[in-house]
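All remarks here apply to the structure that follows.
The values are calculated or read from the model by the stated rules, or taken from the named source; none is laboratory data. Note that the structure is a prediction, hence the values are computed from the model and not measured. Glycine also receives a Cβ, built like all others from the backbone with ideal geometry; neighbour counts cover every protein chain displayed.
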Amino acid sequence: MTDALSRSYYGRPVLKRPTWAALDIAGYLFLGGLAGASSTLAGVASARGRDRLAAPLRVGAAGAIGMSLVALVHDLGRPARFVNMLRVLKPTSPMSVGSWLLAGYAPLAFTAAGAALTGDRVPALRRLARFAGAGAGLIGPAVASYTAVLVADTAVPAWHEGYRELPVVFVGSAASAAGGLGLLSAPLDEVGPARRVGIVGGLVELVASRVMRRRMGIAAEAYEQGRVGVLVRLSERLILTGAVAALVGRRSRPVSALAGGSLLAGSACLRFGVFHAGVRSAEDPRYVVDSQRERAERERARWERRMSAGTQGTQEG
Amino acid sequence: MATPARSLLSSVRGAGDPASDTGWEDHPPRVGFFTDTSICIGCKACEVSCKEWNGVPDDGYSFTGMSFDNSVGLGADTWRHVSFVEQRGPDAGGVRWLMSSDVCKHCTDAACLDVCPTGALVRTELGTVVVQPDVCNGCGYCVPACPFGVIDQRRGDGRVWKCTLCYDRLEVGAEPACAKACPTDSIQFGPLEELRVRADRRVAELHDAGVADARLYGRDPGDGVGGAGAFFLLLDAPEVYGLPPDPVATTRDLASMWRRAALAAGGLLAGIVVLGMGGSR
Ligand code: SF4
């Protein structure tokens, strides 16, 4: 059976390798999530008067989204035509939806960061900044989660087969990164929200990515073997270390900072792991062919079960 | 070319008439290719004529050692590709040759077109899928979206390229260059409905002649891409030719993906609000 399943044309890939550069796009998956969740966390923090937590998060969000925009434009085959992204709005294209999301989010994030940097000294700017901060905080979660659809909406087995869980993985990863940034930059007496968000986000990220791989079938191998496997396991260790350190380091600035750094690094490794697992699964025809065979088998089994249930139903009736 | 309002909903599936689903009214019948690989002789006239007519740059002068195949697969610079499979078999010399000319499938549910963020990929009035090079910004999203690994980015140029089904030739009533050049009529061009009837007849003929492995690939409007505009008669499993056995347009699951992403975003917002409320440390 396996023999028949593994046949291919001289071992050539069935799919085309994604043209995206890892640094640009995996980097964006990480930075976009970091920015989105940081804006939301900053919004909540400033609503509770924790400005020494909110300020670095706002600046971090703006920096992360700024770098994202540079990476996204840089990754285009024709960077000069980047405005074509806003030529139409297509709900069938996650990239189109994402472009509009970023077009709305980025200016708000920049404005909020600008106000945080000037310390709200200009009164006219203060109201604008409050509005911008709230807006960025509200759009932030969408910026953090849509990227899961962006990669899952492809034929790439290690991405598409995880489409059910990937949004949860990504928002967990975004929360742990934002929590990490807060832990790294805010004083101990205001860092509580970041600590909790970092810990819970990290756990969600860990559990959801395990569940995703368990349910994915053969494509999960792409996450587990070789250098991608090393990266994914490293990400899990970093996240776990970060979460534990955040939990026990409540009274220690250095331990809290270490926890923050570890959570950030773990989130980044996970995004790069997801990215490279996808590329691997696209390059190896086995993943494409076998996961399609697997799916066909599953569908046939389901159909047969329904058929036999149907016949029994008629016999009973 | 296409009217945008309805192309937004191109993943809402119609009755296998993609041109109407995209908003074309009073359009000509859908056209396509039927590639009958049982009579392909591997001459590569299709590859050459495609390159000549469309001005496609060279795809590297490489020697692969993969039988007679040195163009390796479809890509930005190879819009028709002839695969050569050598199998041990009962044929003369103990070798069975499988040759097949591959091409863009011009899917009914075309993932490349759905995911294209700029609208550079469009559905023509003939039901084909075409890239507008003056709009493409080289984002590369269609590349991993295509379940057949057809469309790709051209190095140095940055944009994506693939078979246009010779849109320019069709406009003046000529048939596509590859079909014109094919000496055995392995590549047949015409209205899709006619081709399907012809293909059904051909596969029945082969079955009667004892070729039990003959099968149609991409002909079924009920398959994962809603049926291909360019479909094939194969003599072995699709993966033997480098084709995916059961391709599905990824956008079929898109509604579910958006729902899950929205829920996740809502969860993130709620989670941060709740966790942000507690104590300061
Ligand atoms: S085969 Fe690929 S490139 Fe061609 S229409 Fe289908 S999805 Fe698009």
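Taking segment A:52-72 only, how many residues are crowded, with 17+ Cβ neighbours inside 10 Å and farther than 16 Å from A:Val143 by Cα?
Total satisfying the criteria: 5.
Which one of B:Val31, B:Val72, B:Val82, B:Val135 is touching a residue at least 60 places away in the same chain (Cβ under 8 Å) and β-branched (Val, Ile, Thr)?
Numbers: B:Val72 fails: touching a residue at least 60 places away in the same chain (Cβ under 8 Å); B:Val82 fails: touching a residue at least 60 places away in the same chain (Cβ under 8 Å); B:Val135 fails: touching a residue at least 60 places away in the same chain (Cβ under 8 Å).
After ruling out the rest, the residue left standing is B:Val31.
Would a scan of segment A:79-101 turn up a residue that is within 30 Å of A:Arg196 (Cα to Cα) and assigned to a helix (DSSP H, G or I)? It would help to see each step written out before you state the result.
Going through segment A:79-101, the residues within 30 Å of A:Arg196 (Cα to Cα) turn out to be A:98, A:101.
Right, trim to assigned to a helix (DSSP H, G or I) and you get A:98, A:101.
Yes, segment A:79-101 contains a residue that is within 30 Å of A:Arg196 (Cα to Cα) and assigned to a helix (DSSP H, G or I).
Return the residues of segment A:68-81 that are farther than 10 Å from A:Asp24 by Cβ and away from chain B (no Cβ under 13 Å); say none if nothing qualifies. Even if it seems obvious, please write down each step before you answer.
Our first condition is that a residue be farther than 10 Å from A:Asp24 by Cβ; within segment A:68-81, this holds for A:69, A:77-81.
Result: A:Leu69, single match.
Since B:Arg252 meets every condition but one in (1) of a type in the set (Lys, Arg); (2) within 14 Å of another protein chain (Cβ to nearest Cβ); (3) in contact with a Lys or Arg (Cβ under 7 Å, 6 or more places away or on another chain), which condition does it not meet?
(3)
Within segment B:234-244, is even one residue buried (at least 19 other Cβ atoms within 10 Å of the Cβ) and more than 10 Å from chain A (Cβ to nearest Cβ)?
yes
Residue under question is B:Arg123, and the condition is that it be in the same structural domain as B:His27 (by TED's automatic domain parsing), charged (D, E, K, R) and surrounded by 19 or more Cβ atoms within 10 Å (Cβ to Cβ); does it hold? Quick ask: steps written out before the conclusion?
Working: in the same structural domain as B:His27 (by TED's automatic domain parsing): yes; charged (D, E, K, R): yes; surrounded by 19 or more Cβ atoms within 10 Å (Cβ to Cβ): yes.
Taking the combined requirement at face value, the residue satisfies it.
Which number in (1) of a type outside the set (Phe, Trp, Tyr); (2) away from chain A (no Cβ under 11 Å); (3) crowded, with 24+ Cβ neighbours inside 10 Å; (4) more than 10 Å from the ligand (Cβ to nearest atom) marks the one condition that B:Ser83 misses?
(2)
Just to be sure, is A:Gly260 more than 14 Å from chain B (Cβ to nearest Cβ), part of a helix (DSSP H, G or I) and crowded, with 16+ Cβ neighbours inside 10 Å? Walk me through how you get there before you give the answer.
Values: more than 14 Å from chain B (Cβ to nearest Cβ): yes; part of a helix (DSSP H, G or I): yes; crowded, with 16+ Cβ neighbours inside 10 Å: yes.
For A:Gly260, the condition - more than 14 Å from chain B (Cβ to nearest Cβ), part of a helix (DSSP H, G or I) and crowded, with 16+ Cβ neighbours inside 10 Å - is met.
Would you mention how many residues in segment B:232-281 are closer than 23 Å to A:His160 by Cβ, in a helix (DSSP H, G or I) and not small (Gly, Ala, Ser)?
Qualifying residue count for the region: 14.
Which is in contact with a His (Cβ under 6 Å, 6 or more places away or on another chain) and either farther than 22 Å from A:Ala22 by Cα or crowded, with 24+ Cβ neighbours inside 10 Å (or both), of B:Val172, B:Val129?
Working: B:Val172 fails: in contact with a His (Cβ under 6 Å, 6 or more places away or on another chain).
Being in contact with a His (Cβ under 6 Å, 6 or more places away or on another chain) and either farther than 22 Å from A:Ala22 by Cα or crowded, with 24+ Cβ neighbours inside 10 Å (or both) holds for just one of B:Val172, B:Val129, which is B:Val129.
Counting only residues that are within 10 Å of chain A (Cβ to nearest Cβ) and within 16 Å of the ligand (Cβ to nearest atom), give me the helices (runs of 4 or more DSSP H) lying completely in segment B:109-211 with at least 2 of them. Spell out the reasoning first.
Working: elements: B:111-115, B:142-145, B:167-171, B:177-181, B:192-208.
Ranges flagged: B:111-115, B:142-145.
Condition (residue is within 7 Å of chain B (Cβ to nearest Cβ) and not polar (S, T, N, Q)) applied to segment A:27-39: is it met by at least one residue? Steps first, please.
So the first thing to find is which residues in segment A:27-39 are within 7 Å of chain B (Cβ to nearest Cβ), and the list is A:37.
Filter again for not polar (S, T, N, Q), leaving A:37.
Yes, the conditions are met somewhere in segment A:27-39.
Would you be able to say whether some residue in segment A:109-127 is in contact with a Lys or Arg (Cβ under 9 Å, 6 or more places away or on another chain), within 10 Å of chain B (Cβ to nearest Cβ) and part of a helix (DSSP H, G or I)?
Scanning segment A:109-127, I find no residue that is in contact with a Lys or Arg (Cβ under 9 Å, 6 or more places away or on another chain), within 10 Å of chain B (Cβ to nearest Cβ) and part of a helix (DSSP H, G or I), so the answer is no.
Return the residue satisfying two criteria in turn: it lies in segment A:181-198 and is at the interface with chain B (Cβ under 9 Å from one of its Cβ atoms) and within 20 Å of A:Arg271 (Cβ to Cβ), and of such residues it is surrounded by the most Cβ atoms within 10 Å (Cβ to Cβ).
A:Ala194
Within segment B:90-108, can you find the residues that are away from the ligand (no atom under 15 Å from the Cβ) and away from chain A (no Cβ under 11 Å)?
Hits for segment B:90-108 are B:Pro90, B:Asp91, B:Ala92, B:Gly93, B:Gly94, B:Val95, B:Arg96, B:Trp97, B:Met99.
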